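The values are calculated or read from the model by the stated rules, or taken from the named source; none is laboratory data. Being a predicted model, the structure only gives us computed values, none of them experimental. No Cβ is skipped: glycine too gets one built from the backbone with ideal geometry, and neighbour counts run over all protein chains shown. Side chains included, ligands, DNA and RNA excluded: accessible areas come from the protein's heavy atoms. Shrake-Rupley method; radii C 1.70, N 1.55, O 1.52, S 1.80 Å.
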Amino acid sequence: MKRAIAPLLLSWLASTAAAQTPADRIYQSGFEAAFTIAGHIGYPTPLAGATVEAHAGNQVAATLSAADGTYRLAIEYRHLTPDTLIDLVGFGRGARSSEVWAGALGPYSRLQVLAGGNTLSDSQEAFARLGPYSTAVSAALRGFNGFQRITDPLLFERAARASAPDRYLVYGLALIANGTITLPAGAANTFAAVLSPAPARAMYTDVAGQDTAPCTQASDSPVCALRATLALDAAVMPTAALTPGVSYMPFLPYGGSLNTTAEAAVAYRISNGSSGLIFYKSAQGLAANVSSDAQGRLTLARSDGLPLDSTTSTVLIGNVQVQQTREVLSLVVRPSPGPGGVMRHAYAFNVRLLYPNNPEIPTQQQPAMMNPPLEVAADDLVLPPLLQASAPNLVNGDYLLPLAIDLGVPADPFGTRFGYDRHQFTGSNGAALRRGQSFTWNSPGAGRFSLLYGNTQASLRLLNEEEPGVWRVLLRSQNAGQEIWLTGVLMAHDGAGWSAGSPPASYLADINGQVCSTPYGALNGDVSFGVCEPLFGWVFNPNNTLDRLDTPGWGNWAYATGADTGRLLMNRGNGTQRRGWEQVRLASGRGFVLENVTNGNPAPAISFAPTGRLVRITVN
């Protein structure tokens, strides 16, 4: 390919506002052996004449893109080690100077294997195709590191497993590029728009204003148009194969809460090309027929022809209340490789809306329209060596982790069917303290554990260390009548608590852990979709009165006594709600508590039973 300038090797300068200046350049003759990266830049049209840089360690190679947006970059082998992390940044010029697109390629060792030679193309590594998706992913990775470029291979492995960007950040960059919305205040270019929380939140709000329809077709809204195109573009988000017999479960990182009813979680297993199982609102896998299409999507529908789920509610159409039945007909999955080759999956449902008592209202079909992929757990996952080195072995340890035992349908709306419990391990035995349940256990491999609680067999697999000492886990619970898949977190229990000598303070509290507060803060607090709520918290006053941040004078608090010493009891003044807190870990003003809640008039007394309410607290 003809290039406007030869490859150059530059000294490191961290900047997203402009390309390297000539004074930073170190001439590279082109006679030394080099690893070449060939890709494309630009969205929705190619970006010609862009300065494209490859940051490798503390060196930078640069070139200009051609008229068709293609580029080639050469990095001399003497500057590369297996652990060298390579990032790309491309800077537009002139009328398109606000377009800055990025891509995080990860360690050179993996890229070399992908290339199978001296040249890596964007058909082999999709993040060498620089545009809205690659840029949002790159920024989300940096968000794991305080929005700074990652140079530590271990940190990259962790970030690659916990950094799928919010769909609105991907769509926001695309909408800026196609002229639908403008750059948020304070952002000089597209990369800067997602490299700090404030502009990202502003852009999120702008995108929400464009998402005004249920997306029954691409023309419904600008966001629907992107879901029908960008999210299915194989050049931007290539497809990947599923391994037969392996169970997969998409999840959101950082969140600590288990589902109120675990069967609402989505998991699936492909047995072969045409059959599989779906785990959705069922205690057992549902037999499914599987079909595929040219865009890499797999559709799983119940083999008995029934819907996956059917719910009936009353809705307002016009000024008339009518009965609506919502049928979930099938699950659509689209696997895709993420940064560093870590698997990610997009999924959606085909839905039908019926009006059984109003035949004059036509049946509505809502086809599955994909969003960018999410992190996904797989029961064949093997931790990479860098993560294995820091993985706990649980021997003689005191840990909080999901309890595999079904607690039954909760009577209280704040209750959970599956919950966390404090587990104390010995060499091969242990006890779940809240449940009062003994178990035996073993470890068949690094980051893998088998636990037997009476008749319930649990398989626990470490997925990622999302923050120091806090591990994302995949749990499979099996007994004679159930097979349930859960994700949660595992962490060491610090064994501490509150007392007169160590009283509680004022805390921000978030039931979804960090999913709503890291790395962009409460990004979607104003459009929550039931996942995020505005942060609230509690003020434990010395006189034992209790203020909720949004409700001064909420009630009172007391130290628990007896076997519950070290825990806190919280009572609403009118007697309609009680809460109980157990400290799991608290250091440097941040930590987690297990929260039990009861409601009623009066609310029943608190029992510190297993609970799915794992709350992130921060000293306020």
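When Lys and Arg each count +1 and Asp and Glu each count -1, what net charge do the other residues less than 13 Å away from THR598, Cβ to Cβ, add up to?
Working: positive: ARG572, ARG578, ARG579, ARG613; negative: ASP412, GLU595.
Charge balance in the 13 Å sphere: +2.
The residues of the chain expose, per residue, 39 Å² of accessible area to a 1.4 Å probe.
Per DSSP H run of n ≥ 4, the term is -39500 (n - 2.57); total these for the chain, divide by its residue number, and report the mean residue ellipticity at 222 nm rounded to 500 deg cm²/dmol.
Details: 8 runs with 67 residues, N = 620.
So the helix-based figure for the chain works out to -3000 deg cm²/dmol.
If the segment from ALA492 to ALA33 were pulled out straight at 0.36 nm per residue, it would be longer than the present Cα-Cα gap by 160.4 nm.
Our summary gives the chain a relative contact order of 9 percent, counting only alpha carbon pairs under 8 angstrom and 6 or more residues apart. Here is the tail figure for the chain: Cα pairs spaced more than 46 Å apart come to 21 percent of all pairs. Between the stretch 31-88 and the stretch 386-440, what is the separation of their alpha carbon centroids in Å? Cα centroid of the stretch 31-88 versus Cα centroid of the stretch 386-440: 47 Å apart. Between ASN357 and ALA500, the simple label model (points 7 Å from Cα in the Cβ direction) yields a spacing of 6.1 nm.
Could you compute the net charge surrounding PRO222? Neighbours are other residues with a C-beta less than 14 Å from the C-beta of PRO222; K and R count +1, D and E count -1.
Local net charge: -1.
Counting charges near TRP554 (Lys, Arg +1; Asp, Glu -1) among other residues having Cβ under 15 Å from its Cβ returns a value of +1. Over all alpha-carbon pairs in the stretch 21-163, figure out the percentage whose distance exceeds 19 Å. Taking all Cα-Cα pairs of the stretch 21-163, the fraction more than 19 Å apart is 49 percent.
Multiplying the residue separation of SER310 and GLN148 by 0.36 nm and removing their Cα-Cα distance gives an extension gain of 53.7 nm.
Averaged over residues, the count of other Cβ atoms within 10 Å places the peptides 41-48, 567-574 in the sequence 41-48, 567-574, highest first. Distance from the C-alpha centroid of the stretch 321-352 to that of the stretch 154-216: 21 Å, rounded to the whole angstrom.
By accessible area, using a 1.4 Å probe on protein heavy atoms only, the chain has 52% of its surface on carbon and sulfur.
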